[in-house]
1. Once the other residues with Cβ under 15 Å from the Cβ of E96 are scored (Lys, Arg +1; Asp, Glu -1), what is the net sum?
2. Once fully extended, how much extra length lies between K3 and L132, figured as 0.36 nm per residue of separation less the alpha-carbon to alpha-carbon distance?
3. Quick check: net charge around T287, other residues with Cβ under 13 Å of its Cβ, Lys/Arg +1 and Asp/Glu -1?
4. Calculate how many DSSP beta bridges within the chain are antiparallel, expressed in % of all such bridges and rounded to the nearest 5.
5. Could you give the size of the charge dipole of the range 5-207 about its Cα centre, using +1 on the Cβ of each K and R and -1 on the Cβ of each D and E, expressed in debye and rounded to the nearest 20?
6. Provide the percentage of antiparallel DSSP beta bridges, counting only those with both residues in the range 5-207; round to the nearest 5.
7. With a ≥ b ≥ c the root eigenvalues of the C-alpha gyration tensor of the range 257-321, is it rounded (a/c under 1.5), prolate (a/b larger than b/c) or oblate?
8. Quick one: of the DSSP bridges fully inside the range 230-409, what percent are antiparallel, nearest 5?
Amino acid sequence: MIKYKSIKLKNGLTVISDYMPETPMATFSIAYKVGSKNENRERTGLAHLFEHLMFGGSKNVPEFDKAVEMAGGSNNAFTTSDYTNYYITLPAANIETAFYLESDRMFHPNLSEQTLQIQRKVVIEEYKQRVLNPPYGDLMLNLLPLAYSQHPYRWPVIGAKIDHIEEMTLLDVKDFHSKYYNPSNAVLSVSGNVPSDQVFELAEKWFSQAAGNKDLLDELPAEPMQNGERKKVVEKDVPMDMIVMAYHMGKKNSRDFYRGDLLSDVMAYDRSSRFQQYLRTSDSVFTSLNASITGFLDSGLFLIRGKLHEGYSVEQGIEVIENQMLSIQQDLTEDEVQKAINKIITFQKVGYLNHANRAQDLCYAQIVRDPGYINDQFIEYQKTTRDEILQFASERFNVANRNLLIYKKK
């Protein structure tokens with residue numbers, strides 16, 4: 001149980017404190033409630049590009065990384081479809097440095113043409129290295145627009161096209177900052193050896209200087225129910241044929257999410273999982289077979305990915321996966337469910353021994369619902385039953401809800 005305290009400043013900034021006196025360190029995390037889903041469909045990749053721009057210095061801090069290092073710390077950031085998170089880990093005695101640095105780049109980032117040119121080149125190179133060059137690097141680029149016809153999850157975080165990044169203007173960047181990078185659209189948390197009173201005082205000192213943006217809720221188009229299988233075949237120079245199945249499922253803070261998450265672990269978490277046991281049989285048609293979920297805040301996807309041994313057809317692979325699904329619906333055991341629950345909870349609790357994980361997840365909990373979500377998620381997993389998981393499988397694993405992406409080796 002994480003014993004946090006939280007307040008909200010007058011400008012709308014949520015501040016969360018997680019006092020950990022047993023460590024000499026602390027992590028400052030700030031998350032902005034903006035991700036790739038908030039982008040214009042003609043300017044995709046902007047949220048991720050802007051994350052890079054935030055490391056280009058600010059009004060009073062020309063070299064952000066150097067300033068963090070001088071305080072004995074390290075920092076990083078990441079962008080998702082739903083939010084963007086920045087974090088600094090440093091000695092707790094230097095925590096005010098983190099408040100100063102993050103407030104300066106929230107209010108006064110160095111958004112210049114030169115910075116944009118530099119970071120745009122970096123992101124374009126990243127796009128090539130992560131998406132265009134690897135054999136299956138464009139998987140989400142192909143899968144997401146297949147699965148989503150309306151919702152902006154239909155493009156990946158890095159962007160739908162390199163052209164969108166190349167065409168990004170300084171005005172685009174400044175408008176994005178003005179709309180999304182302000183206190184009312186942010187969550188700040190500190191985990192570590194910093195008393196709550198000190199956290200709240202520093203938040204007031206460094207972040208209360210500007211008003212929040214009251215009109216910030218983007219109205220995103222809901223994804224309509226899928227009523228028929230969608231299929232795409234990609235022929236390219238890949239090592240082996242691959243099958244990807246994506247089934248629509250519920251949003252993050254729903255019972256459907258916990259059912260799907262546990263089922264994916266039953267199917268493919270470790271050597272005792274269904275898929276891993278199958279892969280060790282002599283008649284396996286796959287070299288690898290995995291299951292996972294996207295974990296989107298809005299309606300997500302349950303994913304199954306399998307790479308085929310040479311000499312086996314896509315049709316044979318699909319039949320094996322369908323038989324595995326049918327087997328689970330016929331003989332899923334209580335022991336398998338309890339084992340999956342125990343593993344997820346243990347993994348999370350071990351992770352929460354680390355102040356950086358706690359700080360980041362407290363921000364995320366507030367974005368999902370409120371800080372209490374970080375504790376309540378364990379209860380949700382524990383109360384999930386075998387019957388609920390079977391109901392999920394029955395409702396979700398049907399052909400009309402399936403998006404089928406096939407990579408064929410040239």
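Just so you know, all these numbers are worked out from the coordinates, no wet-lab data involved. Predicted model, so just to flag it, every value in this text is computed and none were measured. A quick note on method: Cβ atoms are made from the backbone with ideal geometry, for glycine too, and the neighbour counts reach across all protein chains shown.
1. -4
2. 42.0 nm
3. +2
4. Numbers: 47 of 60 bridges.
If I count the DSSP bridges inside the chain, around 80 percent turn out antiparallel.
5. Details: 19 positive and 24 negative charges, 97 e Å.
Taking the Cα centre of the range 5-207 as origin, the dipole is about 460 debye.
6. If I count the DSSP bridges inside the range 5-207, around 80 percent turn out antiparallel.
7. Values: a/c = 3.17, a/b = 1.71, b/c = 1.85.
Since a/c reaches 1.5 but b/c is at least a/b, the shape of the range 257-321 is classed as oblate.
8. Counting only bridges with both partners in the range 230-409, antiparallel ones make up about 75 percent.
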